[in-house]
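One structure is given here, and the rest of the page talks about it.
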Amino acid sequence: MNIPLLDLKAQFLPLRTEIMTAVQTVCDEQGFVLGPRVVAFEDAVAKYIGARYAISCASGSDALLLSLMAMGVGHGDEVITVPFTFFATAGAISRLGAKPVFIDIQRDTFNLDPTQLERAITPRTKAIIPVHLFGQCADMAAINRLAGARKIPVIEDACQAIGAGQGGKRAGVLGDTGCFSFFPSKNLGGFGDGGMITTNDQALADSLSMLRVHGSRVRYLHEVIGINSRLDALQAVVLHIKLKYLDQWAEGRRRNAARYEQLFKDAGLLDRVTLPVTRSGNFHVYNQYTIRVPKRDELRAYLKDKGVGTEIYYPLPMHLQTCYQGLGHQKGAFPESERAAEEVLSLPIYAELTDVQLTYVVDLIADFYKRQ
């Protein structure tokens, strides 16, 4: 049986006619960058998230960068985040000449450990970026308590977490800004790159709208130095259609996660496989279904040989990356992040998976450990 980590064709085929009709409309209109189609999608996302404003951009990476720019982060500033994340989280900080200050993750959720946050704050701290990794929100109540008391803005890296929630609110309104990615592998994925920033702050929204078009409100008049980071109308119409199905797909992922849990229990694998944990008050949307396992690399090779796609998110934490050697961190500095990098394995979780496929994956994992 062949089970890819993600099957985008299975999602696309039922929507093919609807999507291609919308794409044809944009082609007939010949309006490709920003414009009314993009505004309509921004309005729809703002309504979905529950935010006053949604500002689209070219990628999730740019959403992070623009948020930091709008908050005035620059050379010599410090921004607190985690080392166990995709590179863009730290890269956006460094791109502005600021310093990423890492704190470790919680073992169960893979998210920022708020008990370590206070001692990382210094007079140079300009922002905090918690990452809602794999589709589950970080502990925003604890983070916001510390940040609010010190008037430090909080940027949610929600690039993997559109539709996720905490305490009855959706990711994207739990901090000062929320950053989303529409990379094809995301729960809401486009036909290429795309991103969005949500906020309830009008001043931030105005600044973000200006910064994404070279710091300009009026054409050819530039108030500040911005960047070119605009969403294409083609991406907007595709994403606008897909947004209608996002909750349905999230429920499919949640259903599959629950089924995985039962199958792993029935197979007697809980002494070998550590399953994802959802913290109380969180609504998990499972952009990834990530387990911890011994002999991870051997298991991955075995699954690949049997036709099952997997991925390691992420094999090397930021503090051990070559480009961050200048920060002076040694191996052992962030033990939970390092341990996660050695143990995690993401399994197929997309909504279109069948019970037969899920059972096949778990049966293979059980077979692998019986052979050890």
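The values are calculated or read from the model by the stated rules, or taken from the named source; none is laboratory data. Small disclaimer: the values here were computed from a predicted structure and weren't measured. A quick note on method: Cβ atoms are made from the backbone with ideal geometry, for glycine too, and the neighbour counts reach across all protein chains shown.
Quick notes on this one:
- Taken over the range 120-134, the criterion of being more than 15 Å from Pro153 (Cβ to Cβ) and among the hydroxyl-bearing types (Ser, Thr, Tyr) is satisfied by Thr122 alone.
- Subset tally (residues that are β-branched (Val, Ile, Thr), over 13 Å from the mean Cα position of the chain (by Cα) and within 22 Å of Val73 (Cα to Cα)) for the range 103-161: 8
- Look at the range 15-33: where a residue is in contact (Cβ under 8 Å) with a residue 40 or more places away in the chain and a partner is surrounded by 12 or more Cβ atoms within 10 Å (Cβ to Cβ) and basic (Lys, Arg), sitting 6+ places away or on another chain with Cβ atoms under 6 Å, you get Val33/Arg230.
- Matching residues, the range 70-85, being more than 21 Å from the chain's Cα centre (by Cα) and not in a strand (DSSP E or B): Gly72, Val73, Gly74, His75, Gly76, Asp77
- One residue alone among Ser94, Ser67, Ser56 is in a helix (DSSP H, G or I), buried (at least 21 other Cβ atoms within 10 Å of the Cβ) and hydroxyl-bearing (Ser, Thr, Tyr), and that residue is Ser67.
- Residue match in the range 71-93 (condition: aromatic (Phe, Trp, Tyr) and under 17 Å from Ala233 (Cα atoms)): no
- Residue count for the range 294-325, restricted to those that are in contact with a strand residue (DSSP E or B) (Cβ under 7 Å, 6 or more places away or on another chain), touching a residue at least 60 places away in the same chain (Cβ under 8 Å) and of a type in the set (A, V, I, L, M, F, W, C): 3
- Filtered residue count, the range 156-173, keeping only those that are out of contact with any Leu (no Cβ under 7 Å at 6 or more places or on another chain), in contact (Cβ under 8 Å) with a residue 40 or more places away in the chain and among the aliphatic types (A, V, I, L, M): 4
- The range 225-284, residues that are among the hydrophobic types (A, V, I, L, M, F, W, C), out of contact with any helix residue (DSSP H, G or I) (no Cβ under 7 Å at 6 or more places or on another chain) and in contact (Cβ under 8 Å) with a residue 24 or more places away in the chain: Leu246, Trp249, Ala250, Ala257, Val277, Phe283
- Residue among Asp355, Asp271 that is surrounded by fewer than 13 Cβ atoms within 10 Å (Cβ to Cβ) and within 30 Å of Phe12 (Cβ to Cβ): Asp355
- Condition met for Arg217 (outside any strand (DSSP E or B), charged (D, E, K, R) and in the same structural domain as Leu34 (by TED's automatic domain parsing)): no
- Taking the range 96-126 as the range and being closer than 18 Å to His284 by Cβ and without any contact (Cβ under 8 Å) to a residue 40 or more places away in the chain as the test, the residues that pass are Asn111, Leu112.
- Tallying residues that are among the basic types (Lys, Arg) and under 17 Å from Ala54 (Cα atoms) within the range 218-241 yields 1.
- Candidates are the residues of the range 102-123 that are surrounded by 19 or more Cβ atoms within 10 Å (Cβ to Cβ) and of a type in the set (A, V, I, L, M, F, W, C); the one that is farthest from Met318 (Cα to Cα) is Leu117.
- Count of the range 165-186 residues, restricted to those that are outside any strand (DSSP E or B) and either surrounded by fewer than 23 Cβ atoms within 10 Å (Cβ to Cβ) or more than 10 Å from the chain's Cα centre (by Cα) (or both), is 12.
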